[in-house]
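Chemist: Here's a structure for you.
The values are calculated or read from the model by the stated rules, or taken from the named source; none is laboratory data. What you see is a predicted model; the values in this text were computed from it and never measured. Quick reminder, even Gly has a Cβ in these numbers, built from the backbone with ideal geometry, and neighbours come from all protein chains shown.
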Amino acid sequence: MSSTVSKRECVKVIVRCRPLSDKETAAGYTPVVEVDRRSRKVTLQSEKEQTGEKEYIFDAVHGKDSTQEEIFEESVRPLVEAVLQGFNGTIFAYGQTGTGKTHTMQGSKSAPGIIPRAMEMIFQHIEASADESYLVNASYLEIYQEELRDLLRSPKKDKDEVVKKIELKEDVNGIVYAKHLSQYQLKSFHHMEKMMERGQSNRSVGATDMNEYSSRSHAIFVINIECGHIGPDGKEHVRVGKLNLVDLAGSEKQSKANSSGERFKEATQINLSLSTLGKVITSLVEKAPHIPYRDSKLTRLLQDSLGGNSKTIMVANVGPASYNIEETLSTLRYANRAKNIKNTPHINEDPKDAKLREYLDELAALKVKLSTTKSPSERPTRDKRKKEANDDLDNEEGSDSERYAQEHAALAQEKQKILANTNLGDKEKERLLSESAVKEEDLRKREAERQELRAKVDAIEQRMLRGNTTNVHERMTAQRENLQRKQKELDQQRETEKAILDALELEQREAVGTQDTVTTLKTDIDTAVLKIAKLQNQLDQIQGEIDAEEGVTQQFHEKLGDQLEHLRQREALMWTMVNHFISPATSEPMLQRAVYNEKSAQWVLPNETADIIRPPLFVDLSADRSVELRAKYQALLCENILDLVLDESIEDELAEPLIDMDTEDGTCALLLAEALEAACSEEDIVIDADVYTIERPHANTDTVGGIGKENVGRRSTLGSSKAFRSSPDHRPEDRYPSSRGLLK
């Protein structure tokens with residue numbers, strides 16, 4: 001088999017979306033599928049986040065307003081023309097149940113689908129082809145639960161004869177075919193319609209909640225078109241085209257279809273075969289090493305159509321309702337994958353198993369035999385006979401009949417002449433009449449053989465289809481006029497479309513400018529929103545930090561307040577103690593000389609007093625008394641000795657003349673004598689005469705241990721000395737503590 005190889009081409013995918021049904025509208029479902037025919041784009045909208053908005057681009061898309069004619073003329077007609085040229089072609093409808101697959105493929109009388117329109121186009125082409133002969137065979141089968149059924153076989157005949165089971169086989173060329181599947185030669189478009197009606201009546205259908213007339217099987221209508229034509233080499237060639245028209249059963253969910261029993265089994269097998277088809281599509285797209293064609297009889301029959309020698313169109317039917325959004329999305333995904341499958345179609349020319357080739361060879365042999373039935377004088381030569389074998393015998397039918405009549409009349413006239421000739425003897429007449437009878441018998445046999453051969457030729461030619469040569473010129477003229485009329489309409493339509501496109505382009509340019517502005521504004525808004533959100537986050541963070549710091553500060557302030565209050569109390573206590581033990585005349589100079597040391601955080605009282613040399617103490621004392629006094633002395637050494645500048649008043653007092661101990665009144669002498677007498681009267685009395693011990697005055701006159709403060713030792717201030725001098729009657733014993741009964 002010779003073939004003309006073409007380039008690899010992808011499977012063409014068409015998407016068709018039907019309108020909402022009355023049932024879906026009554027249920028309140030909304031459309032979620034948008035179809036843009038101009039841009040060939042399908043948009044699926046969904047409120048679910050995991051689905052979102054999906055966009056797909058296909059070879060052609062058709063919405064709810066599309067017609068059967070538009071789909072066929074735009075997408076299917078080129079494929080049918082390729083089949084008439086000898087290519088293999090496949091058109092199959094795929095989708096969920098109830099989406100209009102059968103309507104797209106078969107249609108109705110008022111709106112015929114792809115199958116009847118394709119057949120009408122084929123027979124119109126054959127009718128217009130005067131120089132070519134065609135042989136059209138058709139078969140119709142269904143795959144019901146993985147079982148092959150012949151839809152064109154009459155059920156009445158099946159009862160009378162044993163029906164052989166249809167099996168899938170593979171020929172030497174690797175082409176899969178259905179063995180024992182009946183084929184019928186189609187003579188006309190009307191004949192094809194009857195075959196389709198018979199097949200539809202035998203197909204398995206059933207009602208479900210999704211579709212009242214749901215197809216429960218996959219139906220495949222196969223058309224083989226064989227064409228005989230004279231090639232450039234002057235020889236007759238045969239090309240064979242095959243068209244597979246597939247109406248797949250729809251996928252369905254049990255939860256929506258509510259199928260049970262036999263319907264559930266059918267749905268299971270349908271979904272299984274469609275799942276295998278999806279696996280095959282995925283494997284072909286991903287270029288897997290193994291393609292699972294054999295997993296299903298459907299994919300086995302479509303093996304050559306998917307990835308092989310075929311021009312293939314996939315019509316993906318979807319529903320617009322939001323109720324079926326998951327099924328619609330699945331269909332669009334498979335369709336989007338299928339458009340990446342690449343086939344290698346080529347023209348099938350001069351195949352060995354072409355039926356038309358057998359008919360043409362047989363017809364040529366019959367024509368050669370028919371030419372030998374002529375009289376020996378009229379028989380052509382061998383070369384001429386081959387040439388005449390390829391000619392049409394329609395024009396020779398009349399001449400052969402006339403020739404037979406002329407020869408029969410000549411023999412009858414010759415016989416009359418022999419009988420009328422009196423000059424001939426009886427034997428001579430008998431011989432001549434015998435020869436005439438032989439000629440007449442030979443003529444009769446040749447005529448009978450010619451009639452028999454002619455009948456065979458007619459039978460073969462009736463199987464082949466040819467154009468009507470008598471009406472070809474008229475049809476061509478009508479077609480030319482129709483073409484001119486449509487060309488004018490097309491030109492007008494193009495002008496209208498051009499004006500619309502120009503206006504649309506202008507609007508698009510304006511829209512693009514507006515869109516750019518809107519996009520810029522949206523970008524600015526988005527940027528501002530993001531910036532505001534970022535600043536708000538920073539503000540919230542800072543506000544949180546401020547609140548935290550305010551809390552810490554509040555706690556710190558409260559702590560400082562507590563410490564301040566404690567320090568105030570401490571200060572009050574210290575001042576109370578200071579005022580209690582140190583006179584203001586002494587404390588003020590101390591405060592003036594006090595210096596705060598920042599490094600040590602302490603107040604320092606600078607002391608410029610030189611080291612004081614103390615006189616030896618405790619001379620000639622008993623041992624016990626010496627130890628006791630030394631301990632007291634060591635304790636007194638811990639006290640700080642501060643050199644203060646005397647007040648002016650005190651200096652004035654110091655400047656006054658001292659009382660002379662030798663005055664006339666003899667007061668001081670008397671006091672001194674009394675003191676000496678008292679000191680010497682008791683041996684155990686030791687007077688602490690340490691002049692460096694300073695007694696601090698107290699503000700009150702409370703007694704400590706029953707002893708008045710004014711009587712405890714001598715006062716360290718000169719003011720007290722003055723008071724002592726100003727009172728001559730003051731006795732010395734009042735300045736000393738009581739002796740606890742030891743002194744009188």
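Chemist: Only one residue in 251, 322 is crowded, with 16+ Cβ neighbours inside 10 Å and touching an Asp or Glu at 6+ places or on another chain (Cβ under 8 Å), so which one is that?
Modeler: 251
Chemist: If you check every pair at least six apart or on different chains, which have Cβ atoms under 7 Å apart with a residue in segment 311-322 that is in the same structural domain as residue 15 (by TED's automatic domain parsing) first and a residue that is of a type in the set (A, V, I, L, M, F, W, C) and part of a loop (DSSP other than H, G, I, E, B) second?
Modeler: Final answer for the pair search is 311/87; 312/11; 312/306; 314/11; 320/20; 320/32; 321/20; 322/32.
Chemist: Pull out all pairs, ordered by first then second residue, where Cβ-Cβ is under 8 Å, the residues are six or more apart or on different chains, the first lies in segment 165-179 and is within 14 Å of residue 139 (Cβ to Cβ), and the second is at pLDDT below 85 and surrounded by fewer than 15 Cβ atoms within 10 Å (Cβ to Cβ).
Modeler: Partner pairs satisfying both residue conditions: 177/171.
Chemist: What are the residues in segment 333-343 that are touching a residue at least 24 places away in the same chain (Cβ under 8 Å), surrounded by fewer than 18 Cβ atoms within 10 Å (Cβ to Cβ) and outside any loop (DSSP other than H, G, I, E, B), if any?
Modeler: The answer is 337, 342.
Chemist: From the list 52, 89, 28, 107, pick out the single residue that is more than 30 Å from residue 173 (Cβ to Cβ), in the same structural domain as residue 322 (by TED's automatic domain parsing) and either modelled with pLDDT of 90 or more or surrounded by 15 or more Cβ atoms within 10 Å (Cβ to Cβ) (or both).
Modeler: After ruling out the rest, the residue left standing is 107.
Chemist: Right, another one. Pull up segment 119-133, narrow it to residues that are buried (at least 17 other Cβ atoms within 10 Å of the Cβ) and among the aliphatic types (A, V, I, L, M), then point me to the one that is nearest to residue 235 (Cα to Cα).
Modeler: Result: 126.
Chemist: Residues in segment 316-332 that are under 15 Å from residue 46 (Cα atoms) and part of a helix (DSSP H, G or I): how many?
Modeler: 10
Chemist: Residues of segment 71-122 being among the acidic types (Asp, Glu) and within 32 Å of the chain's Cα centre (by Cα), which ones?
Modeler: 74
Chemist: For the list (1) modelled with pLDDT of 85 or more; (2) closer than 30 Å to residue 125 by Cβ, I need the number of the one condition that residue 175 fails.
Modeler: Condition (1) is where residue 175 drops out.
Chemist: While we're on this one: Restricting the search to segment 271-300, which residues are part of a helix (DSSP H, G or I), among the small types (Gly, Ala, Ser) and surrounded by fewer than 16 Cβ atoms within 10 Å (Cβ to Cβ)?
Modeler: 275
Chemist: Given the condition among the basic types (Lys, Arg) and touching a Gly at 6+ places or on another chain (Cβ under 7 Å), answer yes or no: does some residue in segment 278-292 qualify?
Modeler: No: segment 278-292 contains no residue that is among the basic types (Lys, Arg) and touching a Gly at 6+ places or on another chain (Cβ under 7 Å).
Chemist: Note down all Cβ pairs under 7 Å where the first residue falls in segment 260-286 and is assigned by TED's automatic domain parsing to the domain that holds residue 147, the second is small (Gly, Ala, Ser) and part of a helix (DSSP H, G or I), and they're at least six residues apart or on different chains.
Modeler: 267/257; 281/338
Chemist: What's the number of the condition residue 240 fails, among (1) over 21 Å from residue 334 (Cβ atoms); (2) among the aliphatic types (A, V, I, L, M); (3) modelled with pLDDT under 90; (4) in contact with a helix residue (DSSP H, G or I) (Cβ under 6 Å, 6 or more places away or on another chain)?
Modeler: (4)
Chemist: To continue, here is another question. Scan 354, 389 and give me the residue that is of a type outside the set (Asp, Glu), over 27 Å from the mean Cα position of the chain (by Cα), modelled with pLDDT under 65 and farther than 21 Å from residue 454 by Cα.
Modeler: The conditions single out 354.
Chemist: Evaluate the following for residue 518: is it at pLDDT below 90 and surrounded by 10 or more Cβ atoms within 10 Å (Cβ to Cβ)?
Modeler: yes
Chemist: Criterion first (within 30 Å of residue 129 (Cα to Cα), surrounded by 10 or more Cβ atoms within 10 Å (Cβ to Cβ) and of a type outside the set (Ser, Thr, Tyr)) does residue 505 satisfy it?
Modeler: When the stated conditions are applied, residue 505 does not pass them.
Chemist: I'm told residue 334 meets every condition in (1) touching a Lys or Arg at 6+ places or on another chain (Cβ under 9 Å); (2) at pLDDT 85 or above; (3) among the aromatic types (Phe, Trp, Tyr) except one. Can you identify the failing condition by its number?
Modeler: (1)
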